[in-house]
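Student: The structure is given below, and queries will be raised subsequently.
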Amino acid sequence: MNGTKKTADYKIISMPNGNVYQFFCDLSGALCVETATYKEADPEKELMLAWENEGKEHFNPCHKCGIWVSDVMYNPDVLSCVRCTPIEDIPEYCPKCGTKTEDSETFCRKCGVRLMYGGESDEDNRKD
């Protein structure tokens, strides 16, 4: 995984008795969680407490680029954000040979070309 950030993007809201943290999806910018109030002398410790106790459970780390994203911006098949690996539908026909595909196929049963998660080199697109 490329240098995962410590936390998702966040905003600190100062309250009379401490700070409330809002954590946002790094990709969509959507607010995913607002924490209870935290008050620590060390701001870094306070942030990490809020993240570990309430924030982190609402996010997934992208194993390619290291950002934190919400479930809807995460591709669990490959443990990455949808920017790094978009969620794809299996094509109805092989883009190389035109063979009709089945719903569960990742590779074409006729020519062996990869049907999903494009962007790899031609060598990586073939099943051995």
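Student: I'd like to verify a number: residues in the stretch 39-77 that are open to solvent by 30 Å² or more (accessible area, probe 1.4 Å) and among the hydrophobic types (A, V, I, L, M, F, W, C), how many?
Tutor: Residues that pass the stated criteria total 6.
Student: Sticking with this one: Is it the case that Met73 is modelled with pLDDT under 85 and touching a Ser or Thr at 6+ places or on another chain (Cβ under 6 Å)?
Tutor: Judged against the criteria, Met73 is not a match.
Student: On to the next question. Looking only at residues that are outside any loop (DSSP other than H, G, I, E, B) and among the charged types (D, E, K, R) in the stretch 103-126, which one is modelled with the highest pLDDT?
Tutor: Selected residue: Arg114.
The values are calculated or read from the model by the stated rules, or taken from the named source; none is laboratory data. Predicted, not measured: the structure shown is a model, and the values here were computed from it. Every residue, glycine as well, gets a Cβ built from its backbone with ideal geometry; the counts of neighbours run over all protein chains shown. Keep in mind that these areas ignore ligands, DNA and RNA; they rest on the heavy atoms of the full protein, side chains included. Shrake-Rupley method; radii C 1.70, N 1.55, O 1.52, S 1.80 Å.
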